[in-house]
Amino acid sequence: MTTPSKPLAVLLSPRRSVVEAAHAVGATTLVLAPDLSSPEVREAAEAADDAMTVEWRDHSRLLMSIGHLAHVPVRISVFGFAEASALAAARANEALRFPGNPHAAVAYLTDKAALRGKVNQLTGAPVRFEHCDRAAHLEAVALRVGFPCVAKPRTGFGGQDVHLLRDAADAAFLAAGLPPEPALIVEEFLEGPEYSVVAHSLAGTHTVLAISRRYTSGVPEGRETGYDLPAELDRDTTRQIHQLVVATLNTAGHRSGPSQTEVILTSAGPRLVESHAHPGEDRISELLLLAEGTDLEALALAAALGLPQPVGRTRERFAGLRQLRLPPGALVTVEGMDEALALPGVTDVEISVPPGGHVPETTSRVAGHGCVIAVADAPCELEAVLRKAQDVLRPVVVPVSANEEEHSAA
């Protein structure tokens, strides 16, 4: 690319909205992705000032592709707004002496056991937990933690491979299917409504931007079904959640940029589930923009690049997302799309399975086949429009045989 004359945002496999946010704050953009033609990246690459095919998960390849930028006399930073890309960006920034969040802080937030132990020490909200690095020890570890408990990967994210263990039989069954050294954390089951907290940090000062209510299908699956932002909470509960989030980010050494922290409001008060040094992959940042006019990506980009911080609206609205799950089979079409999009307040209806494609089985709490997003002036109005949009969508799915499913998966 030509030598930039103004601050440069190097973006790792971003969405188009991230490129647009960078341009809005006055930055030049360079998109890096392993495949620039992929549906997830193509629009972002087309909107950027420049784009390069780079396997950025390989640290040495990433540095080889952008190392020369360390000598360019403008402010530059690498950005990742998902789990893997945030970690890669922090490592690259540290190696090239670009501004950004410390790599150690991002890594700390990915290690649930290390974070849990430290937060337990520094807050009045401890959660029982133990490491489990051998499948053969899982039953004994779960027994010590106490049933019901939850077993999940120490460095997992997005609800992947989270298992509720109700008794010793559940633990034994899970252990039988695990690799010999699974690197798990086993922790007490936290019961109560779930919340996702979005924050922006600048020079170690953390500002909570919004608390969203997170809906799930309940135990045992715990599949994510949607979000409402902002959540309806009393002042004291809001204060307690803010304190827990700030303590968590301080514990990890988080210094700058966005974060998303998941909290469960138990009968004993809010308790930490996990935290991440990125806005999350569930479009909460889009809900924040719709509800409050705050562009989380723009805040992060401007802060790292030394550009003026964007200012959001002061008028508060309510935004929500509901996951769509289609019946298994081959998708012919989804009728009612235009009808749903025409409803007042509906901003997006997304179906992730293309016509003619196979509808996969949901395999984690967050897996779905699309979503509906809407905005309204009151929570009751928001719920009504989201429900109406879901009701008018009519998926046409043709059942397939087991042999056809196996062939499609192959």
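I want to confirm something. Restricting to the range 231-280 and keeping residues that are free of Cβ contacts under 8 Å to residues at least 60 places away in the same chain and of a type in the set (D, E, K, R), which single residue is nearest to Pro126 (Cα to Cα)?
Arg239
With the condition kept exactly as written, say whether any residue in the range 114-122 is polar (S, T, N, Q), modelled with pLDDT under 95 and surrounded by fewer than 20 Cβ atoms within 10 Å (Cβ to Cβ). Give the steps one after another, and end with the answer.
So in the range 114-122, the residues polar (S, T, N, Q) come out as 120-121.
Still in the list and also modelled with pLDDT under 95: 120-121.
Right, trim to surrounded by fewer than 20 Cβ atoms within 10 Å (Cβ to Cβ) and you get 120-121.
So far as the range 114-122 goes, yes, one or more of its residues are polar (S, T, N, Q), modelled with pLDDT under 95 and surrounded by fewer than 20 Cβ atoms within 10 Å (Cβ to Cβ).
Of all residues in the range 37-72, which are open to solvent by less than 50 Å² (accessible area, probe 1.4 Å), within 23 Å of the chain's Cα centre (by Cα), at pLDDT below 95 and not small (Gly, Ala, Ser)?
Val41
Could you check the range 73-105 and list, in sequence order, the residues that are among the acidic types (Asp, Glu) and open to solvent by 60 Å² or more (accessible area, probe 1.4 Å)? Steps first, please.
Taking the range 73-105 and keeping what is among the acidic types (Asp, Glu), we get 83, 94.
Once the filter is applied, which keeps residues that are among the acidic types (Asp, Glu) and open to solvent by 60 Å² or more (accessible area, probe 1.4 Å), the range 73-105 yields only Glu94.
Among the residues in the range 98-107, are any under 15 Å from Ile185 (Cα atoms), touching a residue at least 60 places away in the same chain (Cβ under 8 Å) and not in a helix (DSSP H, G or I)?
Initial filter on the range 98-107 (under 15 Å from Ile185 (Cα atoms)): none.
No.
Enumerate the strands (runs of 3 or more DSSP E) found wholly within the range 317-390, keeping only those where 1 or more residues are under 24 Å from Ala231 (Cα atoms), touching a Ser or Thr at 6+ places or on another chain (Cβ under 6 Å) and open to solvent by 20 Å² or more (accessible area, probe 1.4 Å). Talk me through it step by step, then tell me what you get.
On the way: elements: 318-323, 329-335, 346-351, 370-376.
Output list reads 318-323.
For Pro7, are the conditions met, namely being open to solvent by 10 Å² or more (accessible area, probe 1.4 Å) and modelled with pLDDT of 95 or more? Steps first, please.
On the way: open to solvent by 10 Å² or more (accessible area, probe 1.4 Å): yes; modelled with pLDDT of 95 or more: yes.
For Pro7, the condition - open to solvent by 10 Å² or more (accessible area, probe 1.4 Å) and modelled with pLDDT of 95 or more - is met.
What residue, among those in the range 11-34 that are part of a loop (DSSP other than H, G, I, E, B) and touching a helix residue (DSSP H, G or I) at 6+ places or on another chain (Cβ under 7 Å), is nearest to Ala298 (Cα to Cα)?
Just the residues of the range 11-34 that are part of a loop (DSSP other than H, G, I, E, B), to begin with: 13-15, 26-27, 34.
The next check asks that each one be touching a helix residue (DSSP H, G or I) at 6+ places or on another chain (Cβ under 7 Å); those that pass are 13-15, 27.
On the way: Ser13: 16, Pro14: 13, Arg15: 13, Ala27: 10 Å.
Out of the qualifying residues, it is Ala27.
The values are calculated or read from the model by the stated rules, or taken from the named source; none is laboratory data. These numbers come from a predicted model, not from an experiment. Counting neighbours? That spans all protein chains shown, and the Cβs are built from the backbone with ideal geometry, glycine included. Remember, those area values only see protein heavy atoms, side chains included, never the ligands or the DNA or RNA. Shrake-Rupley method; radii C 1.70, N 1.55, O 1.52, S 1.80 Å.
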